[in-house]
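Step one of this worksheet: look at the structure below.
The values are calculated or read from the model by the stated rules, or taken from the named source; none is laboratory data. The structure displayed is predicted, hence computed values, not measured ones. For neighbour counting, all protein chains shown are included, and Cβ atoms are generated from backbone atoms with ideal geometry for every residue, glycine included.
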Amino acid sequence: MPTTTSRDQGPDLHTPLNAAPLTHGQLPRRAPQSVFLAALVAGIALLLSGWNVAAAAIVAGFGYAVVVYAWSRAVEGPRKATDRLVTAVVTGAFLLALIPLISVVFTVISKGAPRFDDQFFTYSMRGVVGEGGGAYHAIMGTLIITGLAALISVPIGLLTAIYLVEYGRGKLARAITFFVDVMTGIPSIVAGLFAYALFALIFGPGVRMGIMGAVALSVLMIPVVVRSTEEMLKIVPNELREAAYALAVPKWRTIVKVVLPTALAGIATGVTLAVARVIGETAPLLVTVGITSSDNFNPFDGRMATLPVFSYYQYVTPGVPPDPALNRAWTAALTLIIIVMVLNLAARLISRLFAPKTRG
Amino acid sequence: MPSSTERTRAHRAPQRPGDRVFAGLSTGAGVLILVVLAGVAAFLLTEAWPALVAPAEDIPGGEGVAIYIWPLLFGTLLSAFLALLIAAPLAVAIALFITHYAPRRIAQALGYLIDLLAAVPSIIYGLWGIAVLAPLSVEPSEWLAENLGFIPLFAGPATSTGRTMLVAVIVLAVMILPITSAVVREAFRQTPRLHEEASLALGATRWEMIRMAVLPFGRSSIIGASMLGLGRALGETMAVAIVLSVSGGVTFNLISSGNPKTIAANIALDFPESTGIAVNTLIASGLVLFAVTLLVNMAARAVINRRREFSGAN
């Protein structure tokens with residue numbers, strides 16, 4: 001046994017290690033919870049004594065972090081104290097991010113509810129001054145334009161995703177993947193300007209049409225459809241394709257009859273989410289479709305009203321008295337948020353109910 | 001029979017007409033996307049060209065395109081960078097919370113909740129900003145102007161409407177939070193489990209594990225995600241257009257009533273009423289915005305993709 005060299009340098013194994021404690025102290029099991037309760041009580045006390053909500057919450061939050069850190073540092077040492085502090089900070093950051101969401105939903109519902117009535121959904125703004133009027137024309141406009149945008153984007157997006165997954169090899173595929181990613185970052189207003197520039201070259205300057213809005217929205221929608229469809233096609237198991245090839249099914253029929261049906265639920269989810277993303281876009285429609293106060297359901301003929309643009313104009317040019325217009329703006333916002341949330345919910349339901357059969 | 005073998009080898013994948021049509025269609029769709037992207041640049045350039053070559057006094061403001069666009073670009077960059085400064089640390093913290101702190105059972109639901117923030121249309125953020133956040137910001141702005149007035153950002157005097165750059169920045173930060181945190185979250189989720197468990201086994205606390213295993217692994221994703229968020233903030237239109245009370249000019253002052261415009265908001269505000277050369281000028285500013293966001297997004301994607309190649313996580 002080569003035990004000759006280490007005898008002098010190694011640790012002294014004969015003296016027991018009783019100098020350094022092997023265990024640290026520990027906070028009681030419910031310590032963070034009880035400190036949190038105390039902070040909550042203190043916060044409510046501050047609130048009752050006349051502070052505003054934000055200040056009380058900030059003080060209570062900081063108080064919680066400081067108390068937990070100091071207590072833990074005294075009992076458990078600096079490493080665990082830092083750990084607890086970070087836990088508090090990270091949790092606090094998450095709660096902080098929920099505040100705007102809750103506040104937005106609450107504000108839109110409470111301000112939009114007063115005009116959420118029959119008239120809002122059955123009247124247009126034709127000849128309306130002051131009270132009354134509705135957004136029927138804008139809701140129809142939004143549905144028509146978004147529908148057209150989906151009609152343009154879904155085939156292009158679907159085929160591109162099929163190309164990327166089933167055919168694409170080499171430079172072209174890599175370039176398309178990269179630029180699809182880059183395309184998701186195009187500012188919506190630039191998409192609007194693009195549609196305007198395109199149609200201005202054909203029809204002359206100052207042109208406004210529903211189809212221009214649809215083109216602008218497609219520019220925003222196509223990359224989203226491509227990305228989600230691509231993800232879905234990728235998880236279709238290769239065994240299914242190989243089984244089809246083994247039966248001498250041509251490649252295109254394999255894609256149409258085997259791959260697409262398998263991924264259908266996921267694709268539907270992706271398309272729904274893409275629609276939800278573009279249906280609330282305001283800026284591109286502002287520069288391409290404009291606004292009108294009467295019904296116009298022909299996307300190839302002049303200005304149309306859309307819900308987001310309607311809401312915007314009602315808010316920034318309310319007229320006198322302003323209240324009816326402001327109420328209409330908020331109700332339009334409420335309608336919009338309901339549509340978006342329903343679409344999101346539908347997307348989740350589709351993906352939950354018709355989950356792709358990955359275990360072929 | 002050697003000839004038959006040769007023949008089957010030559011026709012290994014028989015090309016039926018349907019195949020050719022389908023392959024052509026899907027390749028065409030892919031190429032179309034590249035064409036559209038090139039078209040965006042080309043058409044914007046065509047429509048912006050009259051403004052670029054026009055004499056300076058014809059441009060709104062009367063001093064040429066560059067002088068017209070520069071304050072807008074400044075406002076755009078200032079608001080986007082400040083929004084990123086707020087959003088990036090929050091996004092990382094949220095991603096950490098969802099991947100490493102939240103109870104496993106509800107983590108996914110919490111992720112959806114944050115994603116819902118992304119689903120809210122921008123016009124609604126604008127209305128929320130001006131109706132809720134702006135009045136709330138008045139008191140703190142006055143406090144900032146009194147106590148921190150020596151910092152140029154808070155020089156004041158604080159406005160009483162609350163339609164300030166500060167509110168616009170906060171709204172922008174809220175809007176870019178979901179996309180940033182989603183990308184970071186994806187990266188954190190892919191941290192090799194073995195790295196995490198190894199560091200925990202060596203006695204690291206949860207934070208030490210995150211600092212030594214999770215953050216280094218996700219670093220390039222954090223950078224990429226921040227740049228994606230920056231791209232979003234640069235191009236955000238309606239929220240800024242509604243919230244900001246503009247007076248043009250170049251100033252770092254966040255809480256006064258005179259704020260620099262942003263390119264996107266300026267287009268949204270002026271485009272509907274513009275004609276002639278003014279339209280071309282606005283499109284020229286849109287072209288600048290397109291170029292800036294394109295650069296930022298390409299850089300972001302390059303950073304994220306490089307990590308994907310080297311991580312071995314896929």
Entirely in the stretch B:72-147, the helices (runs of 4 or more DSSP H) that have 2 or more residues that are out of contact with any Ser or Thr (no Cβ under 9 Å at 6 or more places or on another chain) and within 11 Å of another protein chain (Cβ to nearest Cβ)
B:104-119, B:134-147
Looking at the stretch B:161-194 only, could you name the residues that are farther than 15 Å from B:Ala233 by Cβ and among the β-branched types (Val, Ile, Thr)?
B:Thr161, B:Thr164, B:Val184, B:Thr191
Exactly one of A:Val108, A:Val86, A:Val90, A:Val68 is part of a helix (DSSP H, G or I), touching a residue at least 60 places away in the same chain (Cβ under 8 Å), surrounded by 13 or more Cβ atoms within 10 Å (Cβ to Cβ) and in contact with a helix residue (DSSP H, G or I) (Cβ under 6 Å, 6 or more places away or on another chain), and that one is A:Val108
Would you mention how many residues in the stretch B:136-157 are in contact with a helix residue (DSSP H, G or I) (Cβ under 6 Å, 6 or more places away or on another chain) and closer than 27 Å to A:Val104 by Cα?
3
Residues to consider are A:Thr282, A:Thr229; find the one that is crowded, with 24+ Cβ neighbours inside 10 Å, of a type in the set (Ser, Thr, Tyr) and at the interface with another protein chain (Cβ under 7 Å from one of its Cβ atoms).
A:Thr282
In the stretch A:285-306, which residue that is within 11 Å of chain B (Cβ to nearest Cβ) and among the β-branched types (Val, Ile, Thr) is surrounded by the fewest Cβ atoms within 10 Å (Cβ to Cβ)?
A:Ile291
From the list B:Leu44, B:Leu32, which one is in contact (Cβ under 8 Å) with a residue 40 or more places away in the chain, facing chain A (nearest Cβ under 7 Å) and out of contact with any strand residue (DSSP E or B) (no Cβ under 9 Å at 6 or more places or on another chain)?
B:Leu44
Only one of (1) touching a Lys or Arg at 6+ places or on another chain (Cβ under 7 Å); (2) surrounded by fewer than 22 Cβ atoms within 10 Å (Cβ to Cβ) does not apply to A:Leu349, and that is (1)
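Among the candidates B:Leu254, B:Leu234, single out the residue that is touching a Ser or Thr at 6+ places or on another chain (Cβ under 8 Å), among the aliphatic types (A, V, I, L, M) and modelled with pLDDT of 90 or more.
That would be B:Leu234, the only listed residue that is touching a Ser or Thr at 6+ places or on another chain (Cβ under 8 Å), among the aliphatic types (A, V, I, L, M) and modelled with pLDDT of 90 or more.
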Look through the stretch A:180-210, keep the residues that are more than 8 Å from every other protein chain (Cβ to nearest Cβ) and over 29 Å from the mean Cα position of the chain (by Cα), and return whichever of them is nearest to A:Ala305 (Cα to Cα).
A:Arg208
Selection from the stretch B:190-237 of residues more than 17 Å from B:Pro89 (Cα to Cα), crowded, with 23+ Cβ neighbours inside 10 Å and among the charged types (D, E, K, R) yields B:Glu236
